[in-house]
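These notes concern the structure reproduced below.
The values are calculated or read from the model by the stated rules, or taken from the named source; none is laboratory data. Keep in mind that what you see is a predicted model, and the values were worked out from it rather than measured. Glycine also receives a Cβ, built like all others from the backbone with ideal geometry; neighbour counts cover every protein chain displayed. Just so you know, the surface numbers come from the protein's heavy atoms only, side chains and all, with ligands and any DNA or RNA stripped out. Shrake-Rupley method; radii C 1.70, N 1.55, O 1.52, S 1.80 Å.
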Amino acid sequence: MFAIAVKKQQYKTYILTDQAAESRLEVVPERGGIITGWRVKGQEILYLDTARFANPDLSVRGGIPILFPICGNLPDNTYTHNDQPYTLKQHGFARDLPWEVREQITEERAAMTLVLTSNDQTRAVYPFDFELAFTYQIKGNALEIFQRYTNRSTEVMPFSTGLHPYFLALDKTQLGFNIPAVQYQDQRAQTKHPFTGTFDFEQDEIDVAFNQLTGLATSVTDASRQTRITLSYNSTYSTVVFWTVKGKDFYCVEPWSAPRNALNVGKPLIRLQPGASCETLVRMTVSFLDK
């Protein structure tokens with residue numbers, strides 16, 4: 001049985017459930033269209049910093065923030081379009097704006113569609129008219145995020161997009177990674193290193209990008225929780241970013257359509273023709289390992 005309920009807390013929260021799978025998804029449209037929680041078989045999959053979430057002046061650290069129209073940051077938070085400079089902060093604005101609930105479905109799955117459209121606030125930093133439609137769907141042990149991007153402008157619209165899931169990890173030394181790449185770039189040192197399937201979690205911060213992917217799925221096994229999380233995505237996504245901070249119970253595995261600063265470099269951006277749309281898909285699946 002599938003259901004969608006609404007709970008009024010600080011923000012109106014939509015709760016999607018698949019009772020047979022003991023799966024539950026929490027979505028807060030007005031706080032950037034964000035997924036704040038995902039439970040499967042009674043286990044919470046995502047991390048959420050509740051104090052930051054409660055403060056509307058701070059970006060959310062947790063759940064699954066949406067990255068649009070850029071992933072990462074720009075030098076001095078600045079880019080140029082048609083010889084006009086614009087200021088755009090890290091990861092763009094989609095994660096900060098309220099989204100509109102467009103549709104809810106409880107037949108054969110639990111799903112809801114959220115929409116974000118351009119307005120005066122977005123056009124001041126990104127001079128394009130657009131519509132984004134995200135459909136969150138749970139069924140069994142899987143969460144699917146279908147995305148549709150539409151250019152409502154009269155000119156070509158360049159952008160990149162991504163997701164920033166925070167996964168809960170109480171003991172990061174028990175994590176094993178299967179990322180389809182042989183090397184990564186350290187985002188802070190701007191150096192490249194071979195990838196051996198592990199990270200040094202004694203570092204204060206790990207921020208690395210895998211820019212030369214050889215497959216369309218990444219998995220992380222958590223021996224301490226006896227779980228494996230698999231992210232699969234379509235070929236739109238050319239980069240996977242891994243990020244974590246020492247002393248915090250999370251790690252992030254982020255599918256991005258382009259590396260940081262792509263809006264200035266010019267590639268590998270998505271370039272939508274006027275009136276055109278494109279669709280992307282990210283699927284997350286939880287497997288439980290035999291103890």
| query | Does the stretch 185-222 hold any residues that are open to solvent by less than 70 Å² (accessible area, probe 1.4 Å) and among the hydroxyl-bearing types (S, T, Y), and which are they? | reply | T191, T218, S219, T221
| Given the conditions (1) surrounded by 17 or more Cβ atoms within 10 Å (Cβ to Cβ); (2) of a type in the set (A, V, I, L, M); (3) not in a strand (DSSP E or B), which single one is not true for L58? | (1)
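How many of the residues making up the stretch 223-259 are part of a strand (DSSP E or B), among the acidic types (D, E) and surrounded by fewer than 20 Cβ atoms within 10 Å (Cβ to Cβ)? Working first, answer last.
Taking the stretch 223-259 as the starting set, the residues that turn out to be part of a strand (DSSP E or B) are 227-233, 239-245, 250-256.
Within this subset, residues satisfying the condition of being among the acidic types (D, E) are 254.
Subsequent filtering for residues that are surrounded by fewer than 20 Cβ atoms within 10 Å (Cβ to Cβ) retains none.
Residues that pass the stated criteria total 0.
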| note | How many residues of the stretch 119-146 are crowded, with 19+ Cβ neighbours inside 10 Å and either among the hydrophobic types (A, V, I, L, M, F, W, C) or closer than 25 Å to T87 by Cβ (or both)? The answer is 10
| query | What is the residue count in the stretch 1-19 for residues that are open to solvent by 80 Å² or more (accessible area, probe 1.4 Å) and more than 16 Å from A111 (Cβ to Cβ)? | reply | 4
| task | Taking the residues in the stretch 150-170 that are within 15 Å of the chain's Cα centre (by Cα) and among the hydroxyl-bearing types (S, T, Y) as candidates, determine which candidate is farthest from P65 (Cα to Cα). | result | S160
| message | Can you list residue pairs whose Cβ atoms sit under 8 Å apart, with the first residue in the stretch 84-100 being over 14 Å from G32 (Cβ atoms) and the second being hydrophobic (A, V, I, L, M, F, W, C) and not in a loop (DSSP other than H, G, I, E, B)? Count only pairs 6 or more apart in sequence or on different chains. | response | L88/L263
| request: Would you be able to say whether some residue in the stretch 6-24 is closer than 15 Å to P165 by Cβ, among the aromatic types (F, W, Y) and touching a residue at least 60 places away in the same chain (Cβ under 8 Å)? | output: no
| request: Quick one: count up the residues across the stretch 91-110 that are within 15 Å of I66 (Cβ to Cβ), open to solvent by less than 80 Å² (accessible area, probe 1.4 Å) and in a loop (DSSP other than H, G, I, E, B). | output: 7
| query | For the stretch 196-228, which residues satisfy the criterion of being under 17 Å from F167 (Cβ atoms) and in contact with a Pro (Cβ under 9 Å, 6 or more places away or on another chain)? | reply | F210, A217, T218
